[in-house]
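**Q** Quick one: the structure is below, and I'll ask about it shortly.
The values are calculated or read from the model by the stated rules, or taken from the named source; none is laboratory data. Keep in mind that this is a model prediction, so the values were computed, not measured. Heads up, the Cβs are rebuilt from the backbone with ideal geometry, glycines too, and the neighbour counts pull from every protein chain shown.
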Amino acid sequence: MNVQQELEQEWGKRAFEVSSEPFQDGFNRRSIIGALFLAFIMLPGAIYVGLVLGEGMGTAAQWVTIVLFGEVARRSFTRLSRQEIYVLFALGGALVVGGGPFFSLIWHQYLVQGASEPETFGILHEIQKHVWIAPPRGSPALVNRTFFHVDWLPAITVVVLSQLLGRINHFCLGYMLFRLTSDVERLPFPLAPVAAQGATALAESYDAEGSWRWRVFGIATTIGILFGAVYAFIPTATGAIMNYPIQILPIPFIDWTQRMENTFPASVFGLNPNIGLAFAGFVMPFWTVIGTVVSSLAVNLIANPILYHLGVLHTWKPGMGLVVARVVNGYDWWMGFGIGEALTVALIGMIAAVGTLKRANVPTSQRADALPVLPGKHRGDFPMPVAFVLWLLATLGLVGLCHKLVPTFPSWMLMLYGFLWTPLNSYISARMIGLTGQGINFPYLREGSFILAARQFDYHGVGIWFAPIPLGDHGGYAQFLREAILTRTKITSLIKAEVLVFPLLLGCSIMFCSLLWRIAPIPSAAYPYAAKMWPIGAFNTCLWASSTVQDGRSFIEEAITLPKIGWGLGVGLTLFGITWLFKLPTLLFYGLIGGVGYPPENCILLLTGALLGRFYFVKRFGKEQWRMYTPILAAGFACGMGLVTMVCVGLSMIVKSVIQSVY
């Protein structure tokens, strides 16, 4: 039984049916207005929340925008189509991400003028050699806290070029991966219906036939609002008027690591109280959740103590908390082991892809043009050769840009990043997402390759750590396009959205980052999260960067070794062999692989959601009906949390402006 059959048996075939409705263009003047709302209202809120609370807005901004525009349409005696809703969802994801591209320059200015010498490991003079990172210390641009100064021109130019080339690279490679994993391999993408069903719920809220979707969405939204009030609003409100915020539920997790160290040395465990994990457990395939939880708990509660007694986890010491213990255990063993397991997925994926292509009877010379498509015509596809050429040119552009910025770094490594590793890693991730809903990555590959260049190819300097190298994971875009297909949205709609987003994001990001920087230095007491955590970030960044300067020390050479990679590869292949031999669910195998690096503090609520769905809600509502409910529940909960988050942003900014006003 393959993965698709396993999921159909668990969820029912109806969950994977693709509508035969015609595809429609979801980009219009409403989308443009929505993009302006996101850029001028949501983006500054996201930047502010990140500086004050250290939390991103995630999908919250997207669902808040969709609900707001939906209500405006309702009162205008019209409605938003599923396609319009999904384009708004896509615009929100593109515009409200990490403060925009110029937020990185805020970070760079802190490294240049705000970080102390111990935090920078003595490499500050090396950073200041590269004016494309940030202006040198003492520059009027830094003293006056503004981006609108000629000294910022090199850094801004690099940001604009890297953003343009990176977006073309991301879209084109993601599109090709979508055609391969969704059209050729027919992978199910189990989490893709979340956004699709959320859009359907809102679009059909006027129809009697679709009213059940709106009821389910409303119930989940209410749960999200109530939980958000306890989890986010109370700490924000009390923190605004008191010296210390009141946290009813600890943020971000309860750490039980130190309590368990006597019985389970080097173990890592805790509890994340965010009930959004339970909603994720509703949606994810049951056997994937079981494999993930079993693997994560086995690694952190069983394997770690054994490895400690064997002397493998030699860095761990009593008294370490969850975060520190996870980091040092990763250095000692799990980073190298995880790379070996990821290679297992890559090997299995490549063999499966070759077999699928052969079964499709597509000649090698025609595969790019003759890929089969999902049911439905006129979905906005464009020729694969065009996507390939654009990706090729964008990657060449990134390689050339990096070589111009860091000419002493080996050019062949940049070519390897862009033309070999990025496509391979992105395919592995896309295939994992298509099968299990979870991607996979190779930890510390970027850092390890930089150190290899310093040790073996005589590269010395810190510029490469800040350069826009062509190394990334674009596998998630395959699911994004799969969601568009489920909502019958033309792919050309998303291309138009990308064209709109690029200039809008650049302009609003530099404007609002500069505005918040002018209000107060970043970091400072005005931005408490940044003031507390950025020094730690500077320490970690410069620790890695110091390993490529002359006589620098590298810890990663000890962390990733061939024996550790070999153990990971061997265990991964053994697990796959056991799964195949005993005819266990394939999803269980992928869950076991992904669970090695899964945070153990998330396991309890994730497992709770999966068990409740499997053994309670399925019996109460029926398997098919419950599987129609779950993606709508997840989308509604995200919307409710988003509404509370926006209230928190508004409250924080109002209190801040009142406190800073001069009377």
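**Q** Which helices (runs of 4 or more DSSP H) sit wholly inside region 352-441 and have at least 1 residues that are modelled with pLDDT under 90? Explain how you work it out, then say what you get.
**A** Values: elements: 384-405, 411-416, 422-436.
Those helices (runs of 4 or more DSSP H) span 384-405, 422-436.
**Q** Being over 28 Å from residue 82 (Cα atoms) and at pLDDT 70 or above: is that true of residue 616 here?
**A** Spelling it out, residue 616 is indeed over 28 Å from residue 82 (Cα atoms) and at pLDDT 70 or above.
**Q** Condition test on residue 275, is it within 30 Å of residue 623 (Cβ to Cβ) and modelled with pLDDT of 90 or more? Even if it seems obvious, please write down each step before you answer.
**A** Details: within 30 Å of residue 623 (Cβ to Cβ): yes; modelled with pLDDT of 90 or more: no.
When the stated conditions are applied, residue 275 does not pass them.
**Q** Among 455, 482, which is among the charged types (D, E, K, R) and crowded, with 19+ Cβ neighbours inside 10 Å?
**A** On the way: 455 fails: crowded, with 19+ Cβ neighbours inside 10 Å.
None of the others qualify; the one that does is 482.
**Q** Look through 139, 116, 81 and report the one residue that is at pLDDT below 80 and more than 21 Å from the chain's Cα centre (by Cα). Steps first, please.
**A** Values: 139 fails: at pLDDT below 80; 81 fails: at pLDDT below 80.
That would be 116, the only listed residue that is at pLDDT below 80 and more than 21 Å from the chain's Cα centre (by Cα).
**Q** Is it the case, given these coordinates, that residue 250 is surrounded by fewer than 17 Cβ atoms within 10 Å (Cβ to Cβ) and within 25 Å of the chain's Cα centre (by Cα)?
**A** Yes.
**Q** Among the listed residues 522, 485, 464, identify the single one that is out of contact with any Ser or Thr (no Cβ under 9 Å at 6 or more places or on another chain) and touching a residue at least 60 places away in the same chain (Cβ under 8 Å).
**A** 522
**Q** Then there is this: Give me the pairs: first residue in region 570-581 and closer than 16 Å to residue 339 by Cβ, second residue in a helix (DSSP H, G or I) and among the hydroxyl-bearing types (Ser, Thr, Tyr), beta-carbon distance under 6 Å, and six or more apart or on different chains, which are they?
**A** Here the result reads 572/344; 573/344, each pair linking region 570-581 to a residue that is in a helix (DSSP H, G or I) and among the hydroxyl-bearing types (Ser, Thr, Tyr).
**Q** I'd like to verify a number: residues in region 528-551 that are within 23 Å of residue 236 (Cβ to Cβ), at pLDDT 75 or above, small (Gly, Ala, Ser) and within 24 Å of the chain's Cα centre (by Cα), how many?
**A** 1
**Q** I'd like the residue in region 290-332 that is more than 23 Å from residue 563 (Cβ to Cβ) and in contact with an Asp or Glu (Cβ under 6 Å, 6 or more places away or on another chain) and, out of all such residues, is surrounded by the fewest Cβ atoms within 10 Å (Cβ to Cβ).
**A** Within region 290-332, the match that is surrounded by the fewest Cβ atoms within 10 Å (Cβ to Cβ) is 318.
**Q** Still on this structure, I have one more. Please go through region 562-597 and give me each residue that is buried (at least 18 other Cβ atoms within 10 Å of the Cβ), touching a Gly at 6+ places or on another chain (Cβ under 8 Å) and over 17 Å from residue 296 (Cα atoms), ordered by number.
**A** Residues satisfying the conditions are 564, 565, 569.
**Q** Turning to a different aspect of this structure: Determine whether residue 514 is at pLDDT 80 or above, under 24 Å from the mean Cα position of the chain (by Cα) and within 27 Å of residue 91 (Cα to Cα).
**A** Here the answer is no, as residue 514 does not meet what is asked.
**Q** Something else: Is there any pair linking a residue in region 423-440 that is within 13 Å of residue 178 (Cα to Cα) to one that is surrounded by fewer than 24 Cβ atoms within 10 Å (Cβ to Cβ) and modelled with pLDDT of 85 or more, with Cβ under 6 Å and at least six apart or on different chains, and which?
**A** Hits for this filter: 426/473; 429/473.
**Q** Of all residues being part of a loop (DSSP other than H, G, I, E, B) and more than 27 Å from the chain's Cα centre (by Cα) in region 229-247, which is nearest to residue 605 (Cα to Cα)? Just the residue, please.
**A** Step by step, filter region 229-247, then rank; the result is 246.
**Q** Based on this model, can you work out whether residue 39 counts as within 25 Å of residue 163 (Cβ to Cβ), out of contact with any Pro (no Cβ under 7 Å at 6 or more places or on another chain), modelled with pLDDT under 75 and not charged (D, E, K, R)?
**A** On the way: within 25 Å of residue 163 (Cβ to Cβ): yes; out of contact with any Pro (no Cβ under 7 Å at 6 or more places or on another chain): yes; modelled with pLDDT under 75: no; not charged (D, E, K, R): yes.
So residue 39 fails the test.
**Q** If you don't mind, another one. It is to be established whether one or more residues within region 430-445 are of a type in the set (A, V, I, L, M, F, W, C) and surrounded by fewer than 23 Cβ atoms within 10 Å (Cβ to Cβ).
**A** Here is the first cut: in region 430-445, the ones of a type in the set (A, V, I, L, M, F, W, C) are 430, 432-433, 435, 440, 442, 445.
If we keep only those that are surrounded by fewer than 23 Cβ atoms within 10 Å (Cβ to Cβ) as well, we get 442, 445.
Checked region 430-445: at least one residue is of a type in the set (A, V, I, L, M, F, W, C) and surrounded by fewer than 23 Cβ atoms within 10 Å (Cβ to Cβ).
**Q** Here's something else I'd like to know. With under 24 Å from the mean Cα position of the chain (by Cα), closer than 19 Å to residue 329 by Cβ, touching a residue at least 12 places away in the same chain (Cβ under 8 Å) and part of a loop (DSSP other than H, G, I, E, B) as the only criterion, which of 268, 293 stands out?
**A** The conditions single out 268.
**Q** Check whether at least one residue in region 625-637 is part of a helix (DSSP H, G or I), out of contact with any Cys (no Cβ under 6 Å at 6 or more places or on another chain) and closer than 13 Å to residue 287 by Cβ, and report yes or no. Steps first, answer last, please.
**A** Let us first name the residues in region 625-637 that are part of a helix (DSSP H, G or I), namely 625-637.
Imposing the further condition that a residue be out of contact with any Cys (no Cβ under 6 Å at 6 or more places or on another chain) reduces the set to 625-637.
The next check asks that each one be closer than 13 Å to residue 287 by Cβ; those that pass are none.
For region 625-637, residues part of a helix (DSSP H, G or I), out of contact with any Cys (no Cβ under 6 Å at 6 or more places or on another chain) and closer than 13 Å to residue 287 by Cβ: absent.
**Q** Residue pairs, Cβ under 9 Å, 6 or more apart or interchain, first in region 118-141 and among the hydroxyl-bearing types (Ser, Thr, Tyr), second part of a loop (DSSP other than H, G, I, E, B) and modelled with pLDDT of 85 or more. List them.
**A** 139/149
**Q** Can you pull out the helices (runs of 4 or more DSSP H) entirely within region 79-176 that have at least 1 residues that are charged (D, E, K, R)?
**A** Because the criterion is at least 1 residues that are charged (D, E, K, R), the helices (runs of 4 or more DSSP H) in region 79-176 that meet it are 82-95, 117-120, 124-127.
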